[in-house]
Amino acid sequence: MPDITLTHVTKNYVSHGQPAVDDLNLTIANGEFMCLLGPSGCGKTTTLRMIAGLEHLSDGEIRIGDRVVDSLGSGTFVPPEQRRLGLVFQSYALWPHMTVERNIDFGLRLRKLPETERRAKVNDVMEKLRIRDYAKRYPAQLSGGQQQRVALARMLAVSPEILLLDEPLSNLDATLRLEMRAELRRLHDEFGTTIVFVTHDQWEAMTLATTIAVMSGGRLQQVGAPDDIYSRPVNRFVAEFIGNPPINMIELGGNPSRGGLASRLFSDRPISGATAVGIRPEEITLTSRVDAVPLGAFRLESIMPTGGSWIMEFSLGAERLFHATHLRPTAKPGDMVECFAMPEGLHLFDAEGRRIEA
Ligand code: ATP
């Protein structure tokens, strides 16, 4: 199966103003489960639509394998139906007058496959997506999650080399979303299909993707494995966008109360140019370890139980600090508590917001 390669891809919807997608360079490797992740309006859907052929590029080139499918330079444009892609968008339009199995069979009929082969394929995907029991029902007789699975089944029946999904789980309740995520992961592992999945939900991206591409303002910020993005964010945007509760970002410059922390950080390591330090809530500790970095005494403002773990919110003047822990808190709101950072959990950023490697 082919890789998808985006080279200097740009999309302007209006002649002046910020591009919706700005000089995007990205390779989606064969067999990858790539999540395009970013806040609303960052250009995720536009990127997916350009891969699908539903939008023309304003600049750059897209290849699927060796085949150029859209290039401004050469004037090539391969229409969507010739790109051998499967698309599932937020609203998963099924044919209302066709039963589930007829819906799934539809694409196979168009391809004029022999009936025995079609029947085998329809049965196979219904089995895999666990919708066999609904074969004779009409879409209106199905729940949202069941319809979602039929939409996916219809897509998989025609064995697309690449599956493009735009927030396909957004209409489902929490339990069903979880189930569908597991299902998508299983499908990916079983079929080996390349999947490009658009979401603004970082939890969804972290749990599903083999690779995440984080976007902001039409620009690619970072591409990497979920763990990489979380533990080695390349800039403040990625550090602050990923993580819930969010990373604690302590400004070092212009913050006199942080002079101690800054001198401690810089006396330990030969680092220059750091203006902020990010510490993930689970990388805060309340117990003094030999190597822990003292952050000062903070007032405990609140404790939020999240079921098996707790989020503790501290304050020191205007500064807020979140700590996430699996240990049942012993302190009470109003108590003053010494907080420390684990040394391996310090993310340093320069004045431009770029990560500084310690
Ligand atoms: P969301 O998560 O809200 O769907 P997104 O990251 O998918 O957002 P896009 O839908 O790709 O973002 O939109 C990127 C930018 O392009 C936005 O500023 C949006 O307003 C603009 N945009 C999208 N489609 C069009 C259009 N057809 N005409 C003009 N502007 C558009």
field: Proximal charge balance of Thr194 [Cβ under 10 Å; K/R count +1, D/E count -1]
entry: -3
query: In the chain, with Lys and Arg counted as +1 and Asp and Glu as -1 at Cβ, which of these residues, Leu113, Val125, Leu178, has the Cα nearest the positive end of the dipole, that is, farthest along it?
result: Leu113
- prompt: Residues with amide H under 5 Å of Ser216's amide H, sequence separation 5 or more or different chain, H placed in the peptide plane at 1.01 Å from N; which?
  reply: Gln221
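If you build the Cα gyration tensor of segment 1-125 and take the root of 5 times each eigenvalue, what three semi-axes come out, in whole angstrom, biggest first?
Semi-axes from the Cα gyration tensor: 32, 17, 14 Å.
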- request: Would you work out which of Phe298, Pro139, His56 lies farthest towards the positive end of the dipole of the chain, given +1 charges on the beta-carbon of Lys and Arg and -1 on that of Asp and Glu, about the Cα centre?
  value: Pro139
Modelled label reach - Asp3, point 7 Å along Cα→Cβ, segment 42-79 residues with backbone N closer than 13 Å: 63-67
task: Collect residues whose amide H, placed 1.01 Å from N in the peptide plane, falls under 5 Å from the amide H of Ala341; neighbours closer than 5 in sequence don't count.
output: Thr285, Val293, Leu295
message: Sorted from largest to smallest, which semi-axis lengths in Å does the alpha carbon gyration tensor of the chain give for its equivalent ellipsoid, taking the root of 5 times each eigenvalue?
response: 46, 26, 15
statement: Check: in the chain the Lys pairs 8 or more apart or on separate chains whose Cα atoms fall under 18 Å apart number 4
- prompt: Summing +1 for each Lys or Arg and -1 for each Asp or Glu, what net charge is found among the other residues whose Cβ lies under 10 Å from the Cβ of Lys44?
  reply: -1
query: Cα-Cα pairs above 19 Å in segment 44-201: how many percent?
result: 57
task: Any chance you could check the Cα centroid distance between segment 322-338 and segment 123-194 for me, in angstrom?
output: 43
task: Per DSSP H run of at least 4 residues, take -39500 (n - 2.57); add these up for the chain, divide by its residues and hand me the 222 nm value, nearest 500 deg cm²/dmol.
output: -8000 deg cm²/dmol
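Relative contact order of segment 4-240: what whole-number percent is it, with Cα pairs under 8 angstrom and at least 6 residues apart? Mind showing how you got there, number by number?
Values: 440 pairs, mean separation 63.8, N = 237.
Relative contact order here is 27 percent.
We did not get these values from a lab; they are worked out from the coordinates using the rules stated. Keep in mind that what you see is a predicted model, and the values were worked out from it rather than measured. Ideal geometry is used to build each Cβ from the backbone, glycine not excepted, and the neighbour counts take in all protein chains shown.
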